[in-house]
Structures are given as structure tokens and as C-alpha cells.
4 protein chains.
Amino acid sequence: MNELRFPNNRAFDFTAIGRLCIDLNANEINRPMEETKTFTKYVGGSPANIAIGMSRFGLNTAFIGKIADDQMGRFIRGYLEENRIDTGNVVTDDTGAVTGLAFTEIKSPTDCSILMYRDNAADLLLTPGEVSEALIANTKLLLISGTALAQSPSREAVFQALQYARKHGTIVAFDLDYRPYTWKSQEETAVYYNLAAEKCDILLGTREEFDRMECFEQEHGDTSTATRWFNHSAQIVIIKHGQEGSIAYTKDGASHRAQSYPAKVVKTFGAGDAYASGFLYGVMQGWTLEKSMSFGSASACIVISSHSCSDAMPGAEQVHDYIARCERGEIVV
Amino acid sequence: MNELRFPNNRAFDFTAIGRLCIDLNANEINRPMEETKTFTKYVGGSPANIAIGMSRFGLNTAFIGKIADDQMGRFIRGYLEENRIDTGNVVTDDTGAVTGLAFTEIKSPTDCSILMYRDNAADLLLTPGEVSEALIANTKLLLISGTALAQSPSREAVFQALQYARKHGTIVAFDLDYRPYTWKSQEETAVYYNLAAEKCDILLGTREEFDRMECFEQEHGDTSTATRWFNHSAQIVIIKHGQEGSIAYTKDGASHRAQSYPAKVVKTFGAGDAYASGFLYGVMQGWTLEKSMSFGSASACIVISSHSCSDAMPGAEQVHDYIARCERGEIVV
Amino acid sequence: MNELRFPNNRAFDFTAIGRLCIDLNANEINRPMEETKTFTKYVGGSPANIAIGMSRFGLNTAFIGKIADDQMGRFIRGYLEENRIDTGNVVTDDTGAVTGLAFTEIKSPTDCSILMYRDNAADLLLTPGEVSEALIANTKLLLISGTALAQSPSREAVFQALQYARKHGTIVAFDLDYRPYTWKSQEETAVYYNLAAEKCDILLGTREEFDRMECFEQEHGDTSTATRWFNHSAQIVIIKHGQEGSIAYTKDGASHRAQSYPAKVVKTFGAGDAYASGFLYGVMQGWTLEKSMSFGSASACIVISSHSCSDAMPGAEQVHDYIARCERGEIVV
Amino acid sequence: MNELRFPNNRAFDFTAIGRLCIDLNANEINRPMEETKTFTKYVGGSPANIAIGMSRFGLNTAFIGKIADDQMGRFIRGYLEENRIDTGNVVTDDTGAVTGLAFTEIKSPTDCSILMYRDNAADLLLTPGEVSEALIANTKLLLISGTALAQSPSREAVFQALQYARKHGTIVAFDLDYRPYTWKSQEETAVYYNLAAEKCDILLGTREEFDRMECFEQEHGDTSTATRWFNHSAQIVIIKHGQEGSIAYTKDGASHRAQSYPAKVVKTFGAGDAYASGFLYGVMQGWTLEKSMSFGSASACIVISSHSCSDAMPGAEQVHDYIARCERGEIVV
């Protein structure tokens, strides 16, 4: 059992706000992109992936975002709807903005990179007035993501969503998801990440992402990071240390670690999104943090063994099954 | 006596952050600017005026801001120094930005307007890294002003200043000072004003300025405004109702009104800045809110009877004397 | 025989300046892009396609352009080099610009559209100082393309290239290639197209493109168009009338039409580029305009029967063979 | 007599296109601007000054330009009209642009500088569609000025004006008037100056301005400069060599120099504009180049002996009188 208390009697278990984009994943892998001939198109963007995961776990899920008025935008809306995600608050841009793109390059399972197209991206044009107070008031858990803070007016839309969430007692998770594109300076990044994090109940990020937020601080390190946010609204702070695993810190001073599982890694993309959806699902089920984290880890293993991020997001059965197979020793690296 | 407790043992009584600009006041008044021939140059900008007022009241005063690397910028620095304001944290821009200008037009004492030059203004280029934590830690009262929130990176600099003030227990006053220039939308304005106001101890603004901040709210009106901010950090909320006078709301549920004084009005510019400096000075002296507000009102009367804003800011003697003369019936409209 | 006299003793037969980008062609055709799953990557951009065509016809070919410092940019450079095009004047951007993209949608052979990514495109960042006077002085025929005029500094680079061409007697062909993206207004388009066209010997465009250039003129129509440019530097003006075929106007008052050929059309993209390279090749061989135009038409037939633009550009043998097969009645629609 | 043949039967002798702005001249002179207290407001901008001069010489004069929708813009329109300049083609901006400003600093008669405000200036927003073909067709002499080429869409408006002038046989004078503000690079400057100069009959500039235009050329110097432009449309090229005086080159290979006059110099601003209007007036009267240049020189002497530029522009009588007084030895330095 964890200490988080989600509000009851709400139509939506989960709503995500932020980036909706297109992944173009190289079909020919284990080579540089210069030698790639063909790409497969998927819905992408960290909050999109997490929302897809949550919906596949069976949660009532909605999205707040903005898409381009073109074929890519319509593909995104269609895919969300196929995955039973409410798109009533996914607005179509009318300024001629384009859909953000992420071309993936998989040189080897551990040497992956992304070529981003973020200029004039529709998702960054979401305005505060397009954020539905009613939807947030009717949601148990709101997810915000760092990339949506990178530019106006999307930045203001996220702050307005946070204001509504505080007002209505909606729990908020913040997936730091720092991407260098579109931010103007490290200082700008830190200021807005900090303003947002102050208002969130659950923070998830890598050690490097937390360090980036703390560029104005003298003290670094997990303990000072966790303490800083517990002095605001945070109840759970998850800090990811790469190979060494993730640690969940709680307000009572405790730290929690999850079991990890083996995986036949194709690429590393999507691991964080799958982890976040698995973990948040567990927390919403009332599981212990350890169990939730393990569930997240197994979900991540499934995604990194696949070609895509969004499309590979597993259902709950699939994750339980993966864990069971690991425990039976059927999956080894 | 008021309830505010200022920290002790600090080198600076008062530090302002934000706009430093040039006022070009029409010498030929009571006519449209089309018929104006000559202008007189003064230092301007709401926080600059307030800082000048505070220094003339005898307080140890500093400024955090950015000036253009030109004759106008150097004039501003020189004038602040002549007024014994510490300019160690007034940075000179190196990007070719210009000094913001405000041409005033005085058609009649009650029909005044301003023609603003705010494109590429140096003051909006202040960065978070240029905000001195040491100075804020060594200040009793920090003043922020709404215009500095209008654009990046100045916006981030103000949020960083607020963060330092909260960390070190420095009292913060927020002069809303809303100006339509450089803001992109009413929503953007409201979001950042709200984020800043949450972290402030004293809020000063007109009813219209508070309404602007509340554009996402259903309920308007002084009581709901004051309650909203008392739920955050505010201890005093001053709402100005034009002719009908100002009301100071305090956390204990009380409201306070000041006496008003007659004045031979030349123009209305600068009234708010003179009021703010007079009021804040009184509060720092430990006076009652009523007495502080009256002192602010008298200070405003002096400024609106003069040609300039900054240059006309009175010393404490001058304000006490003005009040005495009013009480003796020597000043009538 | 045509009247154009190309300079002798030059190392390069043909140099193109302008857009280098990536085509992402839908592999699943005859459906909307919303239903497309995979895309194949090709080098694209009208002047790139024409240069590839010219090189495959056996001409010594060079390119003046700018590519992004990423995998897409390196792919473009590599492909040009594989096609024996001199890339000594293809500059790599150092500002973080991206490679322009064109996603193609083929709903039917006659219903094709393109989804363009032109924000922050590297090709539009070519500067006048990056245009080699020596290369243009050593080239017989320079091709400029309208898209490179759409934005600074690429616009200035093209005007500088034209200045060098005039100075050194290099013949200039102008492929109007109007694309709405990145132009701010129809007036802006017309002004710069006209300034460039004044300095060119051969103009190729559709009737609609010439109409766009003539938005400030009262008289429209082929005769007034051709006369206008013959009063400047033009010697050949080719106006394309879609289904009704193209007409070449010459300074002596004559008009010339080509034979057309049947084709099994897959898509219409690339027809103009293939036509331009075939026609210009013929003119450089000293063929009559009619023969040159027919060669261009046959070249276009080959490209529109294929999946790509650049990759499908034929060699001279292939074009001659296509014409022969048409004449033998072996190709019918 | 000079060789220029102006068209007959046109309603306007002279039309200028381009910058309309405000000069704010320091009233306290011979000191740095940091110490200046007051400024006097005048209409400014090189083409505005020249047009005012031409009108005062008695020529029918019109202006093509754009002004801000504010008090400064209305002041400019009023002043032009008071000076009998047709403002039917002076458009009022509707985008919120401001009026360009020039604060002058007169440290000594030979040490003068200008502090410019050119961000978001209304005059640079003139569009090609706002340029009246009818007015240019009805004008004998059109003046263009380099500053109007510095930014779109004003740049395109000038090129469109040049196109109309060529079409209708209107003589064009180009006052180079290079100002570093708003240009992005020296290359950009050179490209557009060259494109414009090709279409002009009379070029006036300093040696430094011509050098700037020739940044892509190997050869510099008056002879190569003059020859370059005679190969295009130029008939008179005036190159100013500062203290050493100006030289007018003509297509027949001749060079012409003017007599110079003494002046009690207050400041150097406006000398070039007064010279241009005096010279062009003389040329339109059919005077020899020498006489026209002397008239220009005397006009310049009058302006630099005064506090303003526009307001000090003399009438013809005044210039003749100045020359006579100089010849009688009544004016000495």
C-alpha cells in the first residue's frame, strides 16, 4: 500500500497533457541513419505513450493536446481513439503548424539516437484557454510532461492545468522528460521545471534531469532533491539512476527499490514511458511502491524488446505474464 | 502596528527588480502630443520610481535590472547612483538592445496617455543568472513589478528572485503594474501574474488589474480576491478603486482605508509609484496600515502636482509637511 | 539547332543552386497518408533532381547548396557524390538547422499531394559569401530554382550567383518551381521572381507560375509574358499548359511544341524536374527545341512511372529507348 | 546643361519613397547625451528631408511611405502637408508599429552621433501593393533611399517602385544613405544595393557607401565604381569624399567638381540631405553639374549651421543669397 489517496467518483482515471507527435522508426536497424532506407510511422511523444499504456491497462483515459491540421495530425487522433483514449480535448491547430517528428536511429541496442523536428510544432501551441477545467476536475490522476513546458503558449497551458488540478484535488504526476530542443537556456529550463514541480504529487526523472532543475542550488544528490520537493507538494519522488536502477523516495523518509528483469533489448527508446505507465498504474491500484516499480520495470522490458514505443505498450496481462516468465527463468539476456 | 515582520540585520532595507526606462515628458502640456515641441528626459519605470522614493525616504536601497549600453543606459545608472541606490546588480546589456521609452501626453490633468517604446528593450533581457542570491538574502523587502514578467528572460529572472526571497525569508511586495505592451494574450498575463502572486506577501493593484489576473475564475470582487491570495502567502492585499480610494485587506479579515488629501493635479502619472513607496515605507516603519496608506496618499499628491515622476519623488519630511499643510487647510483643490 | 551559345572550355557543363531536401515517399500508395504505414527516403528538391538527371545524362555537374549537420544532410551529400556530382560547394550548416522534408501522398495517379517541412531548413541558409564565383565562371549552364528565393539569406545567395553568371557569360536557366511554403505574400513572390527572371536566358514554368509573377501587370497571357522577358535577357521562355502541353517561345517570335508520349503513371511528382533536365540536356547538345522538348517529355514519362523522383532519373540511353518503344507502339496507356 | 532628360507633362516634379521618422535633437549641445536634459522634435529621415527641401525649392512634391498610427505619425503627416507635400500615398500602419526615432548627440560640431530606434518601425512596413503606379507614372524624378531596402516588405516596395519607374520612363535618383541598423549582414546590404542601383539614373553616396556595395568585387575606386554603373542605367554617379569634396562622374567619361562654401557649423547632420535636394533641384532646372553641385553645397552649409535637418531646409532664394554672401566675403569660418 502506498500513501497516495486518489479522489473518488471521477469519470476519468487518467488524463495526460502535452506532446503528441510522430515517431519515424528506422526499419533497418543496427546501422547509422545515413544507411536507413525506410521508416515506419507511429504515434509518439512521452505523454502520448504513457496515456496509451494506461488505457491498455484498462484505465479510463483522456488527453489534452493540440495536433496539426494535416494527415499526421489526423493519424494521431485516429490512433488515440482506436486505443479508447478520449480526444474531446485534443484541439486541431488552425495556424499551419506541423506535427513534431522523431526519426530514430538504432546503431546498436545501446547506441540509439533521435533526430527531432520541433520547429513550429502544433503541440506547443496549446493555450491555457484550451485546457478544460471540467475534465481535470473529473480526473483522478493528471500527468504533465517537461517538453510541454518548453515554449509558450503550451507552457502556460500546463501551468493552468496545474492550477485546476490543485483547485480540484486531482493528483498530479510530473514526468520530467527533459529534451534540449526548443529550450533557450538551462536557466529557463530550471525556472519552469521548478515552478511546475512545486505543484506536483509525484515526480519521476533521471538523476541528470533533477540535476538540471537544481542548477541554482549548491547541494545536489538524492536526499536534498527529495527533501526539497517534500517541502512543497510532493509525496513520491522517483529518481532513476540508469543501470543502477530507480529509487522511490517518500515523505516519511523511506526509499524503495524495485526488482529488475532481463530483456532482449532492441533499442532503449520508450523505456521511461513504459516504466511510468506501469508504475502509475500500480500506484492507482493501491499496490506498494515496490510492486508498482516492478510492474513498471517489466512493462519497460516489453517495450525495449520491440520496434516501437506506443504500439508496443503492453496490457496488464502481458506484463504479469512477462514477470511470471522471468520468475520461471524463461527470459534471460 | 501591522503584522508584517521584516527580517533583521540586513544591509539593504529595500531592493527592487525590473524595469528601468526613460520618460520623455512633454514640456508643453494641456495639448495633444502632435502639438508638443519639446520633451524633458527623466528616469522612469515603476520599480525605478519606487526605489528612488524609498531611497529618498532614507532607506538603504538597491536595484536589480538591465540597461542598454548607450547614453540612455548610462544616464539611468548615473541617476540611480546620484540617488544613493546601489547599482552593483544593474547589468549593462551587450546585445544591442535599447532603452525603453515612455513619451507622455498631458491633454488635461485627467486626460493623460503614454506612447511606449518597448521593442527590444534592455530591461526585459535580465536573466536568472544575473539575479544575485546574496543581495536578496541581504534585503528586508523585495519589490517585483508586473512589467518584468511580460517577456523572457526577464520573466524567469523575477521567478528566480522570488525563489531566493522565499528561501531567505525576504518579504516580497508585488506591484501589479499591468501594461498591455509586450504581453501576447490575456491568458498569458493571468498565468504568470498568478504564479508570481502566490509567492508574495504584499500585493498592490487596481481592481482592473486583479480582474485581469482572475480571468480564469468565476467569482470576482475584493473579498474573493483577498481570500484567494491569503490562501497562498499574502498578508496584505491592497486593491485600488480609483476615485473611491484604496482598501487594504489583511489576513485577519479586516479591511483598512486611508485618509485622502487634496492636490493641484498636473497629471496622473506616477501616482501609483509614489503611493507604493509611501505605503511600503510606512509598513517598514511599523506604522498602522491606515497611517501607511495616508502617507502613501500624500506622497502621491506631491508627485501628481509636479511635471515628472522619478524626479518629483519626495523625502519623508516633505510628505509629513504636505500632510500638515492639508490638515491646516492650506492646500485645497 | 537552337540559338543559345554556351561558353566553351569550362570544367562544368552544369551547376545547380538551391534546395536539397529529403523526400519520404509513401510505400503504400493509392490511399490517404493517414493510412500509410511506411515511407522510403530519397534525396529530393527540384534543383537536386535536375542535377541528378544531368549527371546521369553524362554531363559534368556541380551543386551549390547547404545541408544540415545531421544524418539526413550526410545522406544527401553521399547520394550526390555517388551520382558523380561535385559537392565541393555544398556547405554544411553549423546553426542547428534541419533538412527540409517532403512526405508524399499518392491517393491516385492524378491525386497526389505533398506535406512539407520547411521550418528552419538548412538549404535556405546558404549565404552569398558561400557562392563560389570561380565555380560559376567555370560552368556553361547555371540552374536557379524559385524555392531558393523564398527566404533570406538563400535569396541573396541566388542573386549573387546571378550576378556572377552575368559577369562571366554563364548561361542561366530559371526553373520557377513555385511553392507556397515560406513565402510571406504573393507580392513578395512576384517582386523577387521578376528581379531574378530579368537576368536569366531560359525560363521554365507553368502558366500559373507566370501568372503569379505578373500580379502587378494588367496584361496576362503567353505572348505578353514572353515579350516581357525577351525585353530583358531571356532567349527561351517555356510555358507549361498542363494536359495541353508545353510551348517554347523564342526571341524571333516563333513558338515550338513537343511531341508527347504515353506513360503508365504512378504519380505526378518529379515530372517537371525530369522534363527540365531532359530539355536542358537537349539544348546543350545543340538539338532543336522540338527535339529537346520531346526528350524532356520522354524523361518525364519515365519518372512518373516510378516510385521516386531523384532515384528514377534516367540516363540518356534509357530516354532514347523509351522514345523508340513509344514509336514502336510498345508503350500504351 | 546636363544630359539628363526628364519626362514632360507630369503633375509631380519629385516623389520620394522611404523613411519617415522623428528626430529628437538635443537642445543642450556640445556635451554628451548623458547630460542632455531636453530634446526638440522634428520630422526626419533622409528622403523626408530631401522631399521637404524640394518642396521649399518650389517643386511639386509627393511622398510614398508608411507612418505609425499614433501621435508621432500624425505629426509627420501634418508637417509634410504644411510643407505642401502630397501625402495621398503616405499610408497609416494598422499593426501597432511605432515611429522610428533618431536622438542626436552633438558633442562638438565635428563629433556628432545618433541613437536610433528602428525596431518595429512603421516605415519599413510599406508593401509593394501600397506603391502607386499612377503616381510614379506622373512623376518626373523618383528618389529612393538605402534605408528603405533594409527590411521586408519595404524592400520589395522599393523594387516595385523601381519597376514602375523603368516602365514609365521616370528618372530615378538613389541616395545610398547606408545605416547599419536593421541590416543583417554586409553581404545582404551589398546584394540589394546592387540590384537597386542597376535600375537608377543618378547615384549619390560616399566613397565608403560605394565600397560597401562592392564587397564582392576585386577592384575598388571611383573609376571602376562609375564604369560599373554606367554599364547599367546610370548617367550620373556622385561620389562624396568628405573634406575633399564630391565628384560627379558622367557617362561621357568626364568628372565634375563643385565649389565649396564656408559655414559656421553647429552639427554635421543633414548635410547630405540638403546637398542632395540642392543638387537634384539644379539638375532638374537644367543647370550644369558644377552649378547644381555648388547649389547643393550651399544648401548643405545652411542646414549644418542650424539646429535641425528638416526644419532648416532652405528655399531657393535663401540658397542663392547664401552663395552671394559667400562671394561677397560676408561668411567666413
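I'd like the residue in the stretch A:245-254 that is touching a helix residue (DSSP H, G or I) at 6+ places or on another chain (Cβ under 8 Å) and open to solvent by 30 Å² or more (accessible area, probe 1.4 Å) and, out of all such residues, is nearest to A:VAL319 (Cα to Cα).
A:TYR249
Against the definition (open to solvent by 20 Å² or more (accessible area, probe 1.4 Å), modelled with pLDDT under 95 and within 14 Å of chain B (Cβ to nearest Cβ)), how does D:GLU81 come out, yes or no? No, not satisfied.
Each residue in the stretch D:69-96 was checked for being over 24 Å from B:ILE114 (Cα atoms), of a type outside the set (S, T, N, Q) and in a strand (DSSP E or B), and 4 of them qualify.
Can you confirm whether A:LEU101 is farther than 27 Å from C:LEU24 by Cα, crowded, with 23+ Cβ neighbours inside 10 Å and aliphatic (A, V, I, L, M)? Taking the combined requirement at face value, the residue does not satisfy it. Cβ separations smaller than 6 Å between residues 6+ apart or across chains give the following pairs from the stretch C:294-309 residues that are among the polar types (S, T, N, Q) to residues that are assigned to a helix (DSSP H, G or I): C:SER299/C:ALA274; C:SER299/C:GLY278; C:SER299/C:VAL319. Go through the stretch A:311-328 residue by residue and tally those that are farther than 21 Å from A:MET284 by Cα and either touching a His at 6+ places or on another chain (Cβ under 8 Å) or of a type outside the set (D, E, K, R) (or both). The qualifying residues number 3.
Restricted to the stretch D:255-273, and to residues there that are open to solvent by 40 Å² or more (accessible area, probe 1.4 Å) and of a type in the set (Lys, Arg), the residue that is farthest from D:PHE14 (Cα to Cα) is D:LYS264.
Only one of the numbered conditions (1) more than 9 Å from every other protein chain (Cβ to nearest Cβ); (2) open to solvent by 10 Å² or more (accessible area, probe 1.4 Å); (3) touching a Pro at 6+ places or on another chain (Cβ under 8 Å) is violated by B:THR127, and that is (1). Of everything in the stretch A:135-146 that is open to solvent by 10 Å² or more (accessible area, probe 1.4 Å) and of a type outside the set (A, V, I, L, M, F, W, C), the residue that is nearest to A:ASN2 (Cα to Cα) is A:LYS140.
Check A:ILE67, A:ILE114, A:ILE106, A:ILE76 and return the single one that is open to solvent by 10 Å² or more (accessible area, probe 1.4 Å), within 14 Å of chain C (Cβ to nearest Cβ), out of contact with any His (no Cβ under 7 Å at 6 or more places or on another chain) and among the β-branched types (Val, Ile, Thr). Talk me through it step by step, then tell me what you get.
On the way: A:ILE67 fails: open to solvent by 10 Å² or more (accessible area, probe 1.4 Å); A:ILE106 fails: open to solvent by 10 Å² or more (accessible area, probe 1.4 Å); A:ILE76 fails: open to solvent by 10 Å² or more (accessible area, probe 1.4 Å).
Answer to the selection: A:ILE114.
Considering only the stretch D:17-38, I want to know if a residue exists there that is surrounded by fewer than 24 Cβ atoms within 10 Å (Cβ to Cβ), touching a helix residue (DSSP H, G or I) at 6+ places or on another chain (Cβ under 9 Å), under 30 Å from D:GLY169 (Cα atoms) and of a type outside the set (S, T, N, Q). No.
Every listed requirement among (1) open to solvent by 10 Å² or more (accessible area, probe 1.4 Å); (2) out of contact with any Cys (no Cβ under 8 Å at 6 or more places or on another chain); (3) more than 30 Å from A:THR288 (Cβ to Cβ) is met by A:ASN60 save one, (3). For B:ASP13, state whether it is closer than 21 Å to B:ARG166 by Cβ, open to solvent by 10 Å² or more (accessible area, probe 1.4 Å) and either within 14 Å of chain D (Cβ to nearest Cβ) or not in a loop (DSSP other than H, G, I, E, B) (or both). The answer is yes for B:ASP13.
Would you check which residues across the stretch D:26-44 are more than 10 Å from chain B (Cβ to nearest Cβ) and either within 22 Å of the chain's Cα centre (by Cα) or basic (Lys, Arg) (or both) and list them?
Of everything in the stretch D:26-44, those that are more than 10 Å from chain B (Cβ to nearest Cβ) and either within 22 Å of the chain's Cα centre (by Cα) or basic (Lys, Arg) (or both) turn out to be D:ARG31, D:VAL43, D:GLY44.
Could you please let me know if D:LEU135 is of a type in the set (A, V, I, L, M) and out of contact with any Pro (no Cβ under 8 Å at 6 or more places or on another chain)? Taking the combined requirement at face value, the residue satisfies it. Looking only at residues in the stretch B:160-179 that are assigned to a helix (DSSP H, G or I) and open to solvent by 10 Å² or more (accessible area, probe 1.4 Å), which one is farthest from the other protein chains (Cβ to nearest Cβ)? Here the answer is B:HIS168.
Checking the condition at the interface with another protein chain (Cβ under 10 Å from one of its Cβ atoms) and open to solvent by 10 Å² or more (accessible area, probe 1.4 Å), which residue from C:SER132, C:SER152 passes?
Step by step, each of C:SER132, C:SER152 is checked, and only C:SER152 is at the interface with another protein chain (Cβ under 10 Å from one of its Cβ atoms) and open to solvent by 10 Å² or more (accessible area, probe 1.4 Å).
If you go through the stretch C:97-125 and keep only what is in a helix (DSSP H, G or I) and among the aliphatic types (A, V, I, L, M), you end up with C:ALA122, C:LEU124, C:LEU125. Do we find a residue being touching a strand residue (DSSP E or B) at 6+ places or on another chain (Cβ under 8 Å), in contact (Cβ under 8 Å) with a residue 60 or more places away in the chain, under 22 Å from C:LEU203 (Cβ atoms) and open to solvent by 20 Å² or more (accessible area, probe 1.4 Å) anywhere in the stretch C:274-285? Yes; the residues of the stretch C:274-285 include at least one that is touching a strand residue (DSSP E or B) at 6+ places or on another chain (Cβ under 8 Å), in contact (Cβ under 8 Å) with a residue 60 or more places away in the chain, under 22 Å from C:LEU203 (Cβ atoms) and open to solvent by 20 Å² or more (accessible area, probe 1.4 Å).
Only one entry in D:THR92, D:THR87 is open to solvent by less than 30 Å² (accessible area, probe 1.4 Å) and more than 11 Å from chain B (Cβ to nearest Cβ), namely D:THR87. It is to be established whether one or more residues within the stretch D:195-206 are among the acidic types (Asp, Glu), at pLDDT below 95 and either more than 30 Å from D:ASP311 (Cβ to Cβ) or crowded, with 23+ Cβ neighbours inside 10 Å (or both). No, every residue in the stretch D:195-206 fails to be among the acidic types (Asp, Glu), at pLDDT below 95 and either more than 30 Å from D:ASP311 (Cβ to Cβ) or crowded, with 23+ Cβ neighbours inside 10 Å (or both).
The values are calculated or read from the model by the stated rules, or taken from the named source; none is laboratory data. Here the structure is a predicted model, which is why all the values come from computation and not from measurement. Ideal geometry is used to build each Cβ from the backbone, glycine not excepted, and the neighbour counts take in all protein chains shown. Ligands, DNA and RNA are stripped out before the accessible areas are found, and what is left, the full protein with its side chains, is counted by its heavy atoms. Shrake-Rupley method; radii C 1.70, N 1.55, O 1.52, S 1.80 Å.
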